[in-house]
Amino acid sequence: SWVDTLETLQSLSSSLSTASYISVDVEFTAPHTSLLQLTTGGGSWLVDPYPLHSSLLPLLGRYFSDPAVPKILHDCRRDCRWLLDDFGIHLAGVWDTFQAEGRLQEMGKSEGRRGYKDLCERHLGVSVDKSEQSSDWSRRPLTRRQVLYAWSDTLNLKALMDAQAALLPASAVADVEALCWSAVLGSF
């Protein structure tokens, strides 16, 4: 669903209240966050932050900061920073597929590049189109290709997290969030 009104944002907020996980990606075109992509077991949403800027923290912040609900991202360093800088949204309970892959490689359980496209192919056998990654996300309306890209960008994160978690010993699973926040703090 496209979210660009207070009514659709309230509907998204209601949906997130029952989510068991939230897959997150952020598109950024300087100087601001230009699009949020969210997927849960209940659906997928593209959030246009421009008309909703002041409502994002009050309506979504509590779900993003709940450590009991995993937030799944790929290479979360920039996304976490942009969400915090632009909206005051702090993420807790983060699973970063990039950091998890690094841990798997350290343990000799995986090898190769750690890009999202590479991980989807390696762990899920899914081909991901990243051709719109460096689009101008600030222009409206988004092109059809941008919308399709944005929709697909969070769809595989939960399955990827599950595949990685199955390869990691329980003691290493807890390390993934710590690795993410160490990377995020190092980027400030």
**Report entry** Checklist (1) assigned to a helix (DSSP H, G or I); (2) open to solvent by 80 Å² or more (accessible area, probe 1.4 Å); (3) modelled with pLDDT of 95 or more applied to Pro141, failing item
**Finding:** (1)
Requested in this report: List every residue pair whose Cβ atoms sit under 8 Å apart, with the two residues 6 or more apart in sequence or on different chains, where the first one lies in the range 127-146 and is within 21 Å of Leu157 (Cα to Cα) and the second, anywhere, is loosely packed, with under 12 Cβ neighbours inside 10 Å.
Outcome: Arg145/Ser131
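Looking for something under 29 Å from Pro169 (Cβ atoms), of a type in the set (D, E, K, R), in contact (Cβ under 8 Å) with a residue 60 or more places away in the chain and not in a helix (DSSP H, G or I) - is there at least one such residue anywhere in the range 82-97?
yes
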Query - Single residue of the range 10-28 satisfying the filter (in contact with a strand residue (DSSP E or B) (Cβ under 9 Å, 6 or more places away or on another chain) and open to solvent by 20 Å² or more (accessible area, probe 1.4 Å)) that is nearest to Asp153 (Cα to Cα) - result: Asp25
Query raised in the report: Restricting the range 64-98 to residues that are among the aromatic types (Phe, Trp, Tyr) and in contact with a Ser or Thr (Cβ under 8 Å, 6 or more places away or on another chain), which is most open to solvent (accessible area, probe 1.4 Å)?
Result: Trp82
**Report entry** From the options Leu142, Leu179, residue that is over 14 Å from the mean Cα position of the chain (by Cα) and farther than 28 Å from Asp48 by Cα
**Finding:** Leu179
Query raised in the report: Checking Lys130 against (1) open to solvent by 60 Å² or more (accessible area, probe 1.4 Å); (2) part of a loop (DSSP other than H, G, I, E, B); (3) farther than 18 Å from Val176 by Cβ; (4) charged (D, E, K, R), which single condition isn't satisfied?
Result: (1)
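The values are calculated or read from the model by the stated rules, or taken from the named source; none is laboratory data. Source: prediction; values computed, not measured. Cβ sites come from the backbone with ideal geometry, for glycine too, and all protein chains shown count toward neighbours. When the accessible area is computed, the model is the full protein with side chains, heavy atoms only, and any ligands, DNA or RNA have been set aside. Shrake-Rupley method; radii C 1.70, N 1.55, O 1.52, S 1.80 Å.
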